[in-house]
Amino acid sequence: MRPIFPNYQLASGWNALLPPRQAHAPLKGKQVADLVVIGAGFTGLACARRWQELQPDARIVVIDASEIGEGNPGRNSGFLLEIALAEDANPENMQRMLEANRLTQKAMQSILNNVRASGLDVDLQRVGTYRAAASSAGLASLHNYTQFLEGAGLPYRQLDQTQLKAELGTNFYQSGLFTPHCYLAQPAAVIRAIHSQLADSISVFENTPALKITNSGGKWTVTTAQGELSCSKLVLANNSFAKEQGVARSRLAAVYTYAGITPPLDPELLNSLGSVHNWGLLPTHRLGSTLRRTADGRLLVRSGHSYEAELPGSKVTALLLDRLWRRFPQLKSNGLDKGQGFEHVWGGAVGVTYNTAPVWGEREPGLFISSGCNGGGTVKGTLLGNALAELALGQNQLDVSAIFGSPSWMPPDPLRRIGFEASAALESWQGRREL
Ligand SMILES: Cc1cc2nc3c(=O)[nH]c(=O)nc-3n(C[C@H](O)[C@H](O)[C@H](O)COP(=O)(O)OP(=O)(O)OC[C@H]3O[C@@H](n4cnc5c(N)ncnc54)[C@H](O)[C@@H]3O)c2cc1C
């Protein structure tokens, strides 16, 4: 049976690298609020914060199934993109893309403001990102992205295999490009910092999964293990798990993906890894692997996918080690080949829609949702969470579906599962050199 809220088998590596923090107590008993937000991620916290700005007297409650930094927002690879992802980038539709980029940059600015205001020590740097291709499938996508960058007048630098090897220490890729429009972060630290900037009047309950939502006489009720919240406005910012509350089931799916981070590497090994010391690389193929070298000398790899359920930990470790060694064979012969090459390995659920458009807006009177950022939702989630608060309070100026599209219909299971597994198998085979 698939989980109705996130209950990951492995702890977030990013969160484990931070000092412990005291979580807010779980909800106990009944409470009444004007607004309840389910999900304290980039989307939910942006929505709560914007709501409080627009309606300072509102009683706002945010609940999360996990702890701040331990849940999905602290499980991602830490790429905070100021421009569209390769899969979203459409050179045919430049005006729409330029508007998306402008809004994304504004949302990034709000993240930076929060982080700065928090005064916390957060590793968040605008170091740009590489995109690289290892096969003809990846090269075609790289070409499409180059067209988009050209059309948008955005700067980039092209790299051949030798240059990539010199900068990153791998000759896995045939060709690549570098764009400056990306921050690399310790994501658990970022979400902790954003949370620390919420107004005191906003109540946050951690370790409080929403088990059920119901509506009676225009009031929404959220049932949790030890309590109940009733409210006139309810926001689902819990990503793919919104469908477990019966919302957007025909539009949303959960796809799990996995990451592993090494301990800080020996200086000698680091010297073999190229001239750039803090970098990130995004795949050009949908099922490809993300890579990072962190400022403190670790390597991170994010790869692998599974439909609606986590893979066993041992399988994940083996898969990630394989992906890392393909790129850095020198690691295999340097002590990282004992099956313990990673300090931490973990998984997370990505909210996926068929055509990558988000599920966004008012679904029923008083029930709002922003979900389905398809693996790139840190900045986009912030943007859409802000806009959702404005929509609910009658101040929205964004035509989200015109800019980001509307999510298309997906068949129910078992057809959906069969479709996912068949297309993943086909795409993995076609892009096997990118994995
Ligand atoms: C391994 C991995 C790597 C990724 N890398 C990147 C990246 O580099 N850059 C990027 O932009 N995106 C990345 N993503 C995707 C990114 O994490 C999400 O798009 C982004 O976090 C979306 O934010 P969100 O707030 O909408 O949803 P989420 O981050 O999923 O947050 C939803 C929150 O809701 C909570 N929740 C869920 N169900 C319930 C419930 N029933 N009751 C209460 N709370 C609930 C969860 O605990 C969670 O805290 C990655 C994802 C994974 C898994």
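Residues to consider are 107, 65, 86; find the one that is modelled with pLDDT of 95 or more, assigned to a loop (DSSP other than H, G, I, E, B) and either farther than 15 Å from residue 187 by Cα or away from the ligand (no atom under 15 Å from the Cβ) (or both).
65
Would you mind finding the one in 323, 327 that is more than 25 Å from residue 411 (Cα to Cα) and away from the ligand (no atom under 16 Å from the Cβ)?
327
Checking residue 35 against (1) assigned to a helix (DSSP H, G or I); (2) over 20 Å from the mean Cα position of the chain (by Cα): exactly one of these is not met. Which one?
(1)
Please state which one of 273, 269 is among the hydrophobic types (A, V, I, L, M, F, W, C), under 26 Å from residue 181 (Cβ atoms), more than 9 Å from the ligand (Cβ to nearest atom) and touching a residue at least 40 places away in the same chain (Cβ under 8 Å).
Only one candidate qualifies: 273.
Can you find a residue that is surrounded by fewer than 14 Cβ atoms within 10 Å (Cβ to Cβ) and either near the ligand (Cβ under 9 Å from one of its atoms) or not basic (Lys, Arg) (or both) anywhere in region 33-52?
no
Any chance region 388-400 includes a residue that's touching a strand residue (DSSP E or B) at 6+ places or on another chain (Cβ under 7 Å), at pLDDT below 90 and of a type outside the set (Phe, Trp, Tyr)?
no
Out of the residues in region 327-380 that are part of a helix (DSSP H, G or I) and within 24 Å of residue 183 (Cβ to Cβ), state the one that is modelled with the lowest pLDDT.
Checking each candidate, the answer is 377.
Looking at 13, 44, 78 in this structure, which one is within 21 Å of residue 112 (Cβ to Cβ) and touching a Lys or Arg at 6+ places or on another chain (Cβ under 9 Å)?
78
Being away from the ligand (no atom under 15 Å from the Cβ) and surrounded by fewer than 22 Cβ atoms within 10 Å (Cβ to Cβ): is that true of residue 355 here?
Criteria met by residue 355.
Among (1) crowded, with 21+ Cβ neighbours inside 10 Å; (2) closer than 21 Å to residue 220 by Cβ; (3) of a type in the set (Lys, Arg), which single condition is residue 363 missing?
(1)
Quick check on this structure: which one of 76, 7 is polar (S, T, N, Q) and surrounded by fewer than 24 Cβ atoms within 10 Å (Cβ to Cβ)?
So the residue among 76, 7 that is polar (S, T, N, Q) and surrounded by fewer than 24 Cβ atoms within 10 Å (Cβ to Cβ) is 7.
Being touching a strand residue (DSSP E or B) at 6+ places or on another chain (Cβ under 6 Å) and either more than 14 Å from the ligand (Cβ to nearest atom) or part of a helix (DSSP H, G or I) (or both) is the filter here, so list the residues in region 1-27 that pass it.
Within region 1-27, 13, 16 qualify.
Select from region 304-322 the residues that are buried (at least 22 other Cβ atoms within 10 Å of the Cβ) and either of a type in the set (S, T, N, Q) or closer than 17 Å to residue 165 by Cα (or both) and list them in ascending order.
none
Give region 256-294 a look and list any residue that's surrounded by fewer than 17 Cβ atoms within 10 Å (Cβ to Cβ), of a type outside the set (S, T, N, Q) and at pLDDT 95 or above, or say none.
276, 277
May I ask you to list pairs of residues, at least six apart or on different chains, whose Cβ atoms are under 8 Å apart, with the first in region 111-129 being touching a residue at least 60 places away in the same chain (Cβ under 8 Å) and part of a helix (DSSP H, G or I) and the second being surrounded by 13 or more Cβ atoms within 10 Å (Cβ to Cβ) and of a type in the set (Gly, Ala, Ser)?
Matching pairs, first to second residue: 114/193; 115/193; 118/193; 118/196.
Please determine whether any residue of region 11-19 is under 22 Å from the mean Cα position of the chain (by Cα), crowded, with 24+ Cβ neighbours inside 10 Å, more than 19 Å from residue 254 (Cβ to Cβ) and not charged (D, E, K, R).
yes
The values are calculated or read from the model by the stated rules, or taken from the named source; none is laboratory data. Everything numeric in this text was worked out from a predicted model, so none of it was measured. Using ideal geometry, Cβ is built from the backbone for each residue, glycine included, and neighbour counts are taken over all protein chains shown.
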